[in-house]
Amino acid sequence: MMRRLAAGNWKMHGTAESLDEVRALASTFPSPKCDILICPPATLLSRMAETAAGTAIAVGAQDCHTSPTGAHTGDISAEMIADAGGAYVIVGHSERRSDHGESNAEIRAKAMAAKSAGLAAIICVGETLQEREDGRTIEIVRGQLGGSIPDGTTGQNTVVAYEPVWAIGTGKVPTLAEIAEVHDDIRKEMIARFGTAAQEIRLLYGGSVKPSNAHEIFGVPNVDGALVGGASLKADDFGMIVAELERA
Ligand code: 13P
C-alpha cells in the first residue's frame, strides 16, 4: 500500500535554531499514518538528519549535481546527500528551472544521479501563469514529465510534484477541478510509460498549501500528498497539514 507523503521544502530558510521545529514535529507524530519529510538547506542537512534519527521524520536535499564528485564549486552530489543522512532530493523545482536555467535533460540526469546514490528523487513540474492562460498546461506538464523523468522510474525511487509556478508563494491555488485534471493526466502518463506499477508513484501537489486548504486538496483523486514551502517552516502549521493527510 502506498504511503502518502507530506514533504516540506524549506528553500533558503533555516539555521540551527530551526531544528527545534523538527524536534516538535517528531514528538507530535511518533508513528504517523503518512510519510513526513523535511528538505532543509544543505547547511542543515546533516544536523537535521542527526536530530531526526530514530524519529518518523525523513530528511532530504533541495538539489543535487549530476555527478558523484568533481570540480563543481558550490555544488553537492547525491552521494554526499546520502552520506549526510538524506533519503530524498528535490530536482527540477521551478525556482531551479528559472533561477539556474535548468533544462529537462539536466533534471533527468539529476534524477538518475539520485537513483544511483539510493535516494528518492522528487521531480517537479508545473506551468507558468502565461502557459495556463494560453491553455497549454497539460502540454507543458507532459513535456516536462517526458523530458525530466528517467527510465527505470518506480514508486520507490521517484515522487512527482505538480507545482503550478503561479501558485508558489502567492496564496493562489488552482481550483480542485484543475488540480484533479493535471494529476489525472500525470497518472495516465506515468502508467502509459511505466505500466500499472506507476499507480505506486506518489503525486504531490505543491503551491500555497496551507492548514486551511490542505483538507480539500487531499480529497482530490491522485493527490498523494503535498510539497509545502512557507507553511512547512513552523511545526504547528506543517503539523496541521500532516494531520490532514493522515485523515485523508
Ligand atoms: P509555497 O508552499 O510557499 O507556495 O511553496 C511551494 C513550493 O515551491 C514547494 O516546493
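Here are some notes:
- Under Karplus coefficients 6.51, -1.76 and 1.60, residue-wise ³J(HN,Hα) of segment 15-20 in Hz, glycine/proline x: 9, 3, 5, 5, 4, 4
- Dipole of segment 105-248, positive direction: furthest Cα of THR128, VAL242, GLN156, with charges on the beta-carbon: GLN156
- Amide H within-cut-off set for ALA120, under 5 Å, with H built and near neighbours excluded: TYR88, VAL89
- Segment ASP134-ARG247, extension gain: residue separation times 0.36 nm, minus the distance between their alpha carbons: 37.1 nm
- Residue-by-residue Karplus 3J(HN,Hα) for segment 134-148, coefficients 6.51, -1.76, 1.60, Hz, glycine and proline x: 7, x, 10, 4, 5, 4, 5, 5, 4, x, 5, 4, x, x, 9
- Shape category assigned to segment 1-124 from the gyration tensor of Cα positions, a/c cut at 1.5: prolate
- Listed peptides 157-163, 240-246 by packing density, highest first (mean Cβ within 10 Å): 157-163, 240-246
- Around the amide H of ALA58, modelled in the peptide plane, lie the amide H atoms of ILE36, LEU37, ILE38, all under 5 Å away and 5 or more residues distant in sequence or on another chain.
- Normalised by the number of residues in the chain, the mean separation of alpha-carbon contacts (under 8 Å, six or more apart) gives a relative contact order of 20 percent.
- For segment 119-174: rounded, prolate or oblate by the Cα gyration tensor [a/c cutoff 1.5]: oblate
- Counting protein heavy atoms only, segment 1-128 has 52 percent of its accessible area on carbon and sulfur, 1.4 angstrom probe.
- Amide H contacts under 5 Å for ALA161: ILE123, CYS124, VAL125, LEU204, restricted to partners 5 or more places along the chain or on a different chain, H placed in the peptide plane at 1.01 Å from N.
- Cα centroid separation - segment 54-120 against segment 142-173, whole Å: 15
- Each residue of segment 125-132 was assigned a 3J(HN,Hα) from its phi angle through the Karplus curve 6.51 cos²θ - 1.76 cosθ + 1.60 (θ = phi - 60°); the sequence is 9, x, 8, 7, 4, 4, 5, 5 Hz, with glycine and proline shown as x.
- Cα shape, segment 129-248, gyration tensor, a/c 1.5 rule: oblate
The values are calculated or read from the model by the stated rules, or taken from the named source; none is laboratory data. Everything numeric in this text was worked out from a predicted model, so none of it was measured. Don't worry about glycine lacking a Cβ; one is built from the backbone with ideal geometry, like all the others, and counts go over all protein chains shown. Side chains are part of the model used for accessible areas, which takes the heavy atoms of the whole protein and leaves out ligands, DNA and RNA. Shrake-Rupley method; radii C 1.70, N 1.55, O 1.52, S 1.80 Å.
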